[in-house]
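Here the structure comes first, spelled out in structure tokens, and everything after it is commentary.
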Amino acid sequence: MGLLDTVLGAALGGGQGGSQGSQGALLNMVIGMLAGGGQGGASGASGGLGGLVEQFQRSGLGDVVGSWVSTGQNMPISPDQLGQVLGGDQIAGMASKLGMDQGDLLGQLSQMLPQVVDKLTPNGQVPHQVDASGLDLGSLIGSLLKR
């Protein structure tokens, strides 16, 4: 994901620290996790986008993630709900890798994840393999920074 790292670093201030730099690192981690790269930390993250959808369904939040995948309005998710879906080990691993507080991580992730999943599923279906090369990173980064 070298090109993605470069684009995110340039667009979000990469190694300069601050919230934009951490947001870029988080976005990078999320896209890697959804692509099946297992960067999320826990074994549940290695299933890519399909694995994440299954985690939501098992947690009783299939309708929420389904709204992100579909072409309609994205339903919100609270940081607490997201923490229950992903589990403490995965959240702790991600927070540790990013040098973030778990509460801050969940707050940012609860805003970011619906948008990223939505952008990765423009046709309303979970692809067998996520290809982030077709992702309009400029649009995604712009929408994330407007919050």
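Residue under question is G72, and the condition is that it be under 16 Å from L106 (Cα atoms) and not β-branched (V, I, T); does it hold?
no
Count, please, the residues in region 72-118 that happen to be touching a residue at least 60 places away in the same chain (Cβ under 8 Å) and assigned to a helix (DSSP H, G or I).
The total comes to 10.
Against the condition on the phi > 0 side of the Ramachandran plot and without any contact (Cβ under 8 Å) to a residue 60 or more places away in the chain, how does G60 come out, does it pass?
yes
Does L98 count as in contact with a Gly (Cβ under 7 Å, 6 or more places away or on another chain), crowded, with 16+ Cβ neighbours inside 10 Å, at pLDDT 90 or above and on the phi < 0 side of the Ramachandran plot?
no
The values are calculated or read from the model by the stated rules, or taken from the named source; none is laboratory data. Values in this document were obtained by computation on a predicted structure and should not be read as measured data. All Cβ positions, even for glycine, are placed from backbone atoms using ideal geometry, and neighbour counts span all protein chains on display.
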